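Worksheet: one structure, shown below.
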Amino acid sequence: MTLTDVPGITVGHATDEKNRTGCTAVMCPEGAVAGVDVRGHAPGTRETDLLHPTARVERVQAVLVTGGSAFGLAAATGVVRWLAERGYGHETLHAKVPLVPGAVIYDLFFNKTLSKPDEAMGCQAAEAASGQPVAMGCVGAGTGATAGKLAGFHRAMKSGLGSAGTKSGDLIVAALAVANPVGNVIDPESGAVLAGVRTPDGSAIDNPDAALLAIQDLLSASAATNTVLGVIATNAVLTKVQATRVARMASAGIARAISPAFTLYDGDVIFVLATGRGPAADENIIGALGAQVLARAIAAGAKAAVSLPEVPAYRDMPKT
């Protein structure tokens with residue numbers, strides 16, 4: 001299962017292979033109750049204040065996750081334009097205004113243009129959105145994602161975008177994740193390192209404990225250049241307060257699949273979308289399932305990633 005198994009949710013990617021960046025639009029044009037947990041210490045976000053439980057608006061029409069660091073937030077304008085042209089948005093006195101929160105990863109190791117993703121790419125991602133299973137790996141916002149940068153980018157590995165889901169009776173909970181952490185990506189089921197710090201010669205994945213000690217050598221220039229982004233979607237009926245609590249619970253999935261998690265060098269953000277087309281389920285169950293599928297989605301992205309000349313992927317590293 002992937003995020004698009006939740007009725008009312010579609011996903012589209014725009015990928016720039018030349019500059020190794022892109023964006024991903026999670027679309028819910030008819031609206032979904034939304035919440036957010038900004039867990040990281042160096043986030044790059046758009047309209048997350050709108051999702052605070054005390055803010056008046058309940059529903060959004062899309063969520064954008066994107067590369068390009070702060071420059072990439074421009075892609076959200078393209079999603080807004082696509083929705084507005086088709087009559088979707090929050091009803092106001094003079095127009096329907098599409099609400100599109102978003103968050104970014106830092107992929108400027110590859111993307112030197114500082115001009116992408118842009119409005120055109122955001123519109124392209126929205127136009128490409130469909131209910132087909134989510135394409136994973138080096139696509140959309142995961143195009144330039146990397147992991148295992150504790151000892152510097154020269155010893156990192158390729159990560160990507162992944163998705164996973166589960167069903168319990170009539171309840172569906174699914175996740176989409178873009179893993180671009182300073183730490184290692186860990187398989188939550190086997191404990192294997194899927195994308196981590198490589199040995200100095202680059203031929204193998206370093207011992208996780210030894211790699212963890214390398215964080216003490218990080219320079220301040222490495223700060224604010226890493227992030228895990230997640231979107232949890234469910235067909236359950238949730239209030240905005242409940243969606244926010246689910247986002248907080250689901251963030252535990254990052255701790256299960258990233259080591260170390262929530263460092264001062266990461267800007268982790270978790271969004272929740274509840275379409276309300278399914279049952280009124282216990283938010284504790286939804287949050288617990290959200291953490292499970294988020295961890296699996298993070299791992300799926302690393303497994304699906306492909307190597308680049310500068311950074312190898314899990315599929316091409318020797319297995320022990």
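The values are calculated or read from the model by the stated rules, or taken from the named source; none is laboratory data. Worth saying up front: this structure is predicted, and the values here are computed from it rather than measured. Every residue, glycine as well, gets a Cβ built from its backbone with ideal geometry; the counts of neighbours run over all protein chains shown. Surface areas here come from the heavy atoms of the whole protein model, side chains and all, with no ligands, DNA or RNA. Shrake-Rupley method; radii C 1.70, N 1.55, O 1.52, S 1.80 Å.
Tabulated results
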item: The listed residue being under 20 Å from P181 (Cβ atoms) and either surrounded by 23 or more Cβ atoms within 10 Å (Cβ to Cβ) or without any contact (Cβ under 8 Å) to a residue 40 or more places away in the chain (or both), out of V60, V65; result: V65
item: Qualifying positions in the stretch 290-320 - open to solvent by 40 Å² or more (accessible area, probe 1.4 Å) and more than 22 Å from the chain's Cα centre (by Cα); result: P309, E310, D316, P318, K319, T320
item: Tally, over the stretch 272-289, of residues that are touching a Gly at 6+ places or on another chain (Cβ under 7 Å) and buried (at least 24 other Cβ atoms within 10 Å of the Cβ); result: 1
item: Total residues in the stretch 260-271, condition assigned to a strand (DSSP E or B) and either at pLDDT 95 or above or open to solvent by 30 Å² or more (accessible area, probe 1.4 Å) (or both); result: 3
item: Breaking point among (1) open to solvent by 30 Å² or more (accessible area, probe 1.4 Å); (2) of a type outside the set (S, T, Y); (3) outside any strand (DSSP E or B); (4) within 27 Å of L273 (Cα to Cα), for K167; result: (3)
item: Residue match in the stretch 301-314 (condition: over 30 Å from K18 (Cα atoms) and not aromatic (F, W, Y)); result: no
item: When residues of the stretch 216-240 are limited to those that are at pLDDT below 65, open to solvent by 50 Å² or more (accessible area, probe 1.4 Å) and not polar (S, T, N, Q), the one farthest from F110 (Cα to Cα); result: D217
item: Matching residues in the stretch 53-67 - criterion: being part of a loop (DSSP other than H, G, I, E, B), of a type outside the set (D, E) and touching a helix residue (DSSP H, G or I) at 6+ places or on another chain (Cβ under 8 Å); result: P53, A55, V57, G67
item: Matching residues, the stretch 75-115, being among the acidic types (D, E) and over 19 Å from the mean Cα position of the chain (by Cα); result: E85, E91
item: Positions within the stretch 117-135 being part of a loop (DSSP other than H, G, I, E, B) and either of a type in the set (V, I, T) or surrounded by 24 or more Cβ atoms within 10 Å (Cβ to Cβ) (or both), in sequence order; result: P117, V134
item: Within the stretch 19-51, considering residues that are out of contact with any Ser or Thr (no Cβ under 9 Å at 6 or more places or on another chain), charged (D, E, K, R) and not in a strand (DSSP E or B), the one least open to solvent (accessible area, probe 1.4 Å); result: E47
item: Residue list for the stretch 94-116, filter: in a strand (DSSP E or B) and either open to solvent by less than 20 Å² (accessible area, probe 1.4 Å) or of a type in the set (K, R) (or both); result: K96, G102, A103, V104
item: Checklist (1) touching a strand residue (DSSP E or B) at 6+ places or on another chain (Cβ under 8 Å); (2) farther than 17 Å from R39 by Cβ; (3) at pLDDT 95 or above applied to L308, failing item; result: (3)
item: Search result, residues across the stretch 141-164 that are assigned to a helix (DSSP H, G or I), out of contact with any helix residue (DSSP H, G or I) (no Cβ under 7 Å at 6 or more places or on another chain) and crowded, with 24+ Cβ neighbours inside 10 Å; result: A141
